[in-house]
Amino acid sequence: MDFLKKVNSNAKSDANTGFGTNASSYGGRFITKSGNANVKKSGIGLFESISWYHTMLNIPRWKFLVIIALFYFLVNFIFASLYYLVGVEHLNGVTASSSIEKFGQAFFFSIQTFTTVGYGHISPSGFMTSFVAAVEALFGLLSFAIATGLFYGRFSKPKAHIKFSENALIAPYKDGTALMLRLAPFKNTNLSDGEVKITLGMKIDFNGVLTNTFYNLDLELSKINALNLSWTLVHPINENSPLYGLTKEDYQKIEGEVLVFLKVFDDMYSANVVKRTSYSFNEIIFGAKFSPMFYRSDNQNKTVLHIDKLNSYEKIKL
């Protein structure tokens with residue numbers, strides 16, 4: 001392909017990406033849309049391969065709450081079963097006559113012991129029942145300590161509250177075209193010292209060997225002092241760009257991916273936060289431009305940033 005000659009002569013490849021060069025051993029995209037490495041690890045046990053702390057901090061909020069609730073009820077069900085097996089007659093204050101009611105009262109006694117509430121209506125008697133209650137009380141204290149730590153970790157974890165546009169665009173730029181993508185902060189945060197790097201990854205056949213080849217994409221502006229509004233990242237497609245000369249059909253034929261790495265300083269956390277994403281070539285819209293997403297307010301005193309317009313674009317002819 002003429003494109004390969006053009007890339008080799010005009011664009012300098014980057015070998016320090018950490019993704020490897022053997023494309024035949026690499027499946028799918030390099031980075032998912034959410035910014036995680038598209039890698040599945042094997043050859044090691046499940047409990048060794050997963051950091052449960054990181055997992056509990058990163059899973060969605062609804063999953064975290066469901067896991068906490070399921071753990072809470074499962075543990076109390078297990079201890080209630082132990083009390084029932086030892087004999088509910090060793091629980092002073094149990095007045096139920098049917099088996100279901102007895103188990104229910106044992107279950108709620110377990111909850112009171114696990115949470116160290118201890119209303120006093122039911123109390124254990126005998127060695128085995130007292131021993132199970134003591135173990136459960138200790139287990140409850142440790143469980144609530146871990147849950148509290150996880151809640152605090154999720155609440156205090158520095159996060160980049162930034163959204164990227166769903167698509168990248170090939171849009172008019174000066175006398176030519178440019179690759180453009182957009183991002184914006186979506187919460188009441190103060191972000192400064194923004195810095196971004198964009199890498200193009202392509203799987204190219206060099207003399208019969210499929211190779212991962214990466215190129216740094218120069219940006220019109222790669223650093224900003226403050227990120228208060230939307231930021232459109234612009235890579236001019238000129239003679240030094242690996243995208244120079246590509247047509248709409250080329251983007252459909254070539255297996256490529258645009259990797260985006262963003263770092264900004266969050267005043268509230270007093271720390272740098274990072275955000276990553278990627279755009280495969282089939283997520284790049286050829287011949288389009290972004291629609292404006294911030295306007296002056298009606299009273300002329302503020303600028304209104306419309307986050308819902310982050311992905312809005314207009315089709316145009318190039």
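How high is the FRET efficiency from Ser222 to His121, r the C-beta distance, R0 51 Å, rounded to 0.05?
On the way: r = 67 Å, r/R0 = 1.31.
That gives a FRET efficiency of 0.15.
Between Val209 and Thr303, 0.36 nm times their residue separation minus their Cα-Cα distance comes to what? Before the final figure, lay out each step's value.
Working: separation 94, 0.36 × 94 = 33.84 nm, distance 5.27 nm.
Length gained, Val209 through Thr303: 28.6 nm.
In nm, to one decimal, how far is the modelled label at Lys41 from the one at Phe108, with both set 7 Å along Cα→Cβ?
4.6
Using the Kyte-Doolittle scale, find the helices of the chain whose mean hydropathy is at least 1.6 and whose Cα atoms extend 15 Å or more along the helix's long axis, counting only whole DSSP H runs. Before the final figure, lay out each step's value.
Details: long enough: 61-86 (38 Å, 1.74); 99-114 (22 Å, 0.48); 127-156 (43 Å, 1.38).
In the chain, the long hydrophobic H runs are 61-86.
What distance in nm separates the simple spin-label points at Asp175 and Asn238, each placed 7 Å from Cα in the Cβ direction?
1.1
Sequence neighbours fewer than 8 away in the same chain don't count; with that in mind, list the lysines whose C-alpha is under 16 Å from Lys315.
Within the straight-line limit of under 16 Å, Lys315 reaches these lysines: Lys248, Lys289.
Sum -39500 (n - 2.57) across every DSSP H segment of at least 4 residues in the chain, then divide by the residue count to get the 222 nm mean residue ellipticity, nearest 500. Could the numbers behind the result be given before it?
Numbers: 7 runs with 98 residues, N = 318.
Dividing the helical sum by the residues of the chain leaves -10000 deg cm²/dmol.
If R0 is 45 Å, what FRET efficiency do you get for Tyr295 and Ser51 from their C-beta distance, rounded to 0.05?
About 0.55, to the nearest 0.05.
Need one number: nm distance between label points at Glu101 and Asn190, each 7 Å from Cα along Cα→Cβ, rounded to one decimal.
Here the answer is 6.3 nm between the modelled labels.
So if R0 is 41 Å, what FRET efficiency would Glu314 and Ala147 give, r being the distance between their Cβ atoms, rounded to the nearest 0.05? All intermediate terms of the calculation are to be shown ahead of the outcome.
On the way: r = 49 Å, r/R0 = 1.20.
Efficiency at R0 = 41 Å is approximately 0.25.
Grab segment 156-200 and count how many Lys pairs have their alpha-carbon atoms under 25 Å apart, sequence gap of 8 or more, or different chains. Please report the intermediate quantities before stating the final value.
Values: Lys157/Lys187; Lys157/Lys197; Lys159/Lys187; Lys159/Lys197; Lys163/Lys187; Lys163/Lys197; Lys174/Lys197; Lys187/Lys197.
Final tally of qualifying lysine pairs is 8.
Assigning unit charges at the beta carbon (Lys, Arg +1; Asp, Glu -1) and nothing else, what dipole magnitude in debye, to the nearest 20, does the chain show about its Cα centre?
Working: 31 positive and 24 negative charges, 98 e Å.
Dipole of the chain, to the nearest 20 debye: 460 debye.
Segment 227-295 to segment 57-75: how many Å between their Cα centroids?
Value for the Cα centre distance between the two parts: 36 Å.
Quick note: the coordinates plus some simple rules give every number you see, no bench work behind them. If you're wondering where the values come from, they're calculated on a predicted model, not measured in any experiment. Positions of Cβ are backbone-derived with ideal geometry, glycine not excepted, and every protein chain shown enters the neighbour counts.
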